[in-house]
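Presented below is the structure to which this report refers.
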Amino acid sequence: MSRDFQLPGRSPVIARNGMAATSHPLATLAAIDVLRAGGNAADAAITAVAALCVIEPHMTGIGGDCFCLISDPGKPVWGYNGCGRAGAKASTEALLGQGIREIGPTSPHAVTVPGSIEAWEAILKTHGTYTMAQALQPAIRYAEGGFPVAARVASDWTGWLGKLSADPGASKHYLFNGRAPAEGDVIKFPALAETLKQIAKGGARAFYEGPIAQDIVATVNARGSVLTVDDFARHRGTADQPISTNYRGTDFLELPPNGQGLVALVMLSMLEAFDLKALDPLGAERFHLMLEAARMAYGVRDAHIADPAHMRVKTADLLDKAFAKKLAGNIDRNKRVRLPTAPTPGSDTIYLTVVDRDRKAVSFINSLYSSFGVGICSEKTGVMLNNRGACFVVDPAHPNTFGPNKRPMHTIIPAMAMQDGRCDVAFGVMGAHYQPMGHVTFVTNAFDYRMDLQSAIDGPRVFFEGETTLVERGMPAAAVEGLKARGHQVAVAPSPWGGAQAIRIDWQRGVLIGGSEPRKDGCALGY
């Protein structure tokens, strides 16, 4: 990607009745169809994500997890953690006994029980009006009848031929005559269509009990996983109260651990110590402060965030403003200092947001984690499986160590900005480990620099990989030189980080304003 970010880009979308912003035009259209037909934002969100699990299979799938925030005017914001767990027989000691010191992205031990389907059903029952059968219809239609492959999807798919060809189920269902589909090819997923039909007929239990679960378990057991059918049958997500921090008068909400939303909140609290509005939004000092705050906050994540039942430091203590102020005191405005490092960033997730005519707002994210997840696909069901367990560590002394019935530290994080108890902006950023940095970049663009939502999404971004500072193409040369002068080892990111979607509710004028990610196939539509 190369463009001058100081020139106008895509315009924000403005509408009155309802709006959806997703990572693919067909999914956005499916959500708008639901809203037009009288469904609400929850109905539209589940319909859209199910479609995305078919038409963007490298980014997400029903073998993955999801997290959700829902704001209903006059009610507390409701959150749901749709993360799966490791099996009851999971054991760090057992892995160490086999000489395994790390759970790799294609390891069978990286597969956790998929949490998405149970979460979708819980969301519909709690906040929706549609049945699961109604919500799955577009996904079934695309899987059974076919859909044209988008340009970016085709480009990404080609990069994973080796991963897909290494697994019989993956090559059977996700390669076509041994190759990835090209832009405009119409493809079908008949096995996945049949699996979706079974879920539409029997609900979530059809996924977690019976033939579907049995075939998934048999598939991963043959490769060494300790997951069992009982692990699937026991799975339930949790309704969680959001956590928040107030940044310059706006409350920003995230879901609590085991997700990494806390990292974004810690970063915002740290950056509150600096007058960002006085800095050039495309200048080196702004990006330097964000990088240093991120490196500190990610260090907090890597030391503490885990399944909340196993964390050794309270979430409230990590959110304490005094703690953030102490962290901010370690930042030198003029030079890069030695701080903790973060894992390698990734970009394989989908985020969507929907707001309906009653201003119910949904912030929703669904993921397999890596592209095509673990790369293992159940041959009978066509379900590609996640590799969320790669976020565990193999260290008995760490709270995030691999263990029985545990949820791993999780990267996907939906978010909301609240004013006077009402949702102001529902937003999210795709991109695995990058997401907290993406949230803070978006927030500072939109709230400190008062950019419109589309400009806040479009702007050039920075992150870090180990000791290297990565910048996206289009970063002003003066900013790059300024970062180098502050001690950053700067390199150009090989590709943009994951996309973003956002919808603002303008309560005074009664309109919705949306932005979507141009780096991928992001699409916002309203009516």
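The values are calculated or read from the model by the stated rules, or taken from the named source; none is laboratory data. Fair warning: this is a prediction, and the values are worked out from it, not measured in the lab. Every residue, glycine as well, gets a Cβ built from its backbone with ideal geometry; the counts of neighbours run over all protein chains shown. Keep in mind that these areas ignore ligands, DNA and RNA; they rest on the heavy atoms of the full protein, side chains included. Shrake-Rupley method; radii C 1.70, N 1.55, O 1.52, S 1.80 Å.
Which of the lysines could a cross-linker span from residue 380 if the Cα-Cα distance has to be under 16 Å and same-chain partners fewer than 8 positions apart are dropped?
Output for residue 380: 172, 188, 197.
Given the Cα-Cα distance of residue 188 and residue 239 and 0.36 nm per residue of separation, how much length would full extension add, in nm? Don't jump to the answer; show the numbers that get you there.
Numbers: separation 51, 0.36 × 51 = 18.36 nm, distance 3.47 nm.
Separation in residues times 0.36 nm, less the Cα-Cα distance, equals 14.9 nm.
Scan around residue 410 for amide H atoms under 5 Å from its own, H built in the peptide plane at 1.01 Å from N, and keep only partners 5 or more places away or cross-chain.
Amide H to amide H, under 5 Å and 5 or more residues apart or across chains, residue 410 pairs with 259, 260.
Quick query: amide H of residue 415 versus all other amide H atoms, modeled in the peptide plane; which residues come in under 5 Å with a sequence gap of 5 or more or a different chain?
Those lying under 5 Å, H to H, from residue 415 are 427.
With charges only on Cβ, +1 for K and R and -1 for D and E, what is the dipole size of the chain about its Cα centre, in debye, rounded to 20?
Working: 52 positive and 50 negative charges, 52 e Å.
In total the dipole reaches around 260 debye.
Count neighbours as other Cβ atoms within 10 Å of each site's Cβ, and list the trypsin sites (Lys or Arg not before Pro) in the range 72-181 that are DSSP loop with at most 16 such neighbours. Don't skip to the end; give the middle numbers.
Details: sites: 85, 89, 101, 125, 141, 152, 163, 172, 179; in loops: 85, 89, 101.
Sites meeting the loop and neighbour criteria: 89, 101.
From the protein chains alone at 1.4 Å, what is the descending order of accessible area for 448, 280, 521, largest first?
Details: 448 10, 280 90, 521 30 Å².
So the residues, ranked largest to smallest area, are 280, 521, 448.
What list of ³J(HN,Hα) values in whole Hz, one per residue of the range 238-249 in order, does the Karplus curve 6.51 cos²θ - 1.76 cosθ + 1.60 (θ = phi - 60°) give from phi, with Gly and Pro shown as x?
Each residue's phi maps through the Karplus curve to give 9, 7, 10, 6, x, 9, 7, 9, 9, 10, 6, x Hz.
Taking H as built 1.01 Å from N, whose amide H comes closer than 5 Å to the amide H of residue 489, not counting residues under 5 places away?
Hits under the 5 Å cutoff: 469.
Heavy atoms of the protein only, probe of 1.4 Å, neighbouring chains included. What is the accessible area of residue 91 in Å², nearest 10?
30
Which residue, 270, 136, 300, has the largest displacement toward the positive end of the dipole of the chain when charges sit on each Cβ (Lys, Arg +1; Asp, Glu -1)?
270
By accessible area of protein heavy atoms, probe 1.4 Å, what ranking do 43, 215 get, highest first? Numbers along the way, then the final one.
Working: 43 0, 215 25 Å².
Solvent-accessible surface, decreasing: 215, 43.
In whole Hz and in residue order, list the ³J(HN,Hα) couplings for the range 175-189 that follow from phi through the Karplus curve 6.51 cos²θ - 1.76 cosθ + 1.60, θ = phi - 60°; x for Gly and Pro.
So the Karplus estimates, Gly and Pro as x, are 10, 10, 6, x, 10, 7, x, 8, 3, x, 5, 9, 10, 10, 10 Hz.
For residue 335, list the lysines whose Cα falls under 19 Å from its own Cα; do not include residues on the same chain fewer than 8 positions away.
Straight-distance partners of residue 335: 325, 326, 484.
Quick one: Cα centre-to-centre distance for the range 447-502 and the range 364-399, in angstrom?
28
By the scheme Lys and Arg +1, Asp and Glu -1, what is the net charge of all other residues having a beta-carbon under 10 Å from that of residue 248? Don't skip to the end; give the middle numbers.
Values: positive: 277; negative: 272, 448.
With Lys, Arg at +1 and Asp, Glu at -1, the net is -1.
Normalised by the residues of the range 312-413, what does the relative contact order come to in percent, with Cα pairs under 8 Å and at least six apart?
On the way: 93 pairs, mean separation 16.1, N = 102.
Value for the range 312-413: 16 percent.
Can you tell me the length gained on complete extension of the stretch residue 397 to residue 88, counting 0.36 nm per residue apart and subtracting the Cα distance?
Numbers: separation 309, 0.36 × 309 = 111.24 nm, distance 1.92 nm.
Roughly 109.3 nm would be gained on extension.
With n ≥ 4 as the cut-off for DSSP H runs, can you work out [θ] at 222 nm for the chain, using -39500 (n - 2.57) per run divided by the number of residues, rounded to the nearest 500?
Using -39500 (n - 2.57) per qualifying helix, the result is -9500 deg cm²/dmol.
Name the aspartates and glutamates eligible as straight-distance cross-link partners of residue 277: C-alpha to C-alpha under 20 Å, and not fewer than 8 places from it in the same chain.
Cross-link targets: 251, 285, 292, 332, 448, 452, 458.
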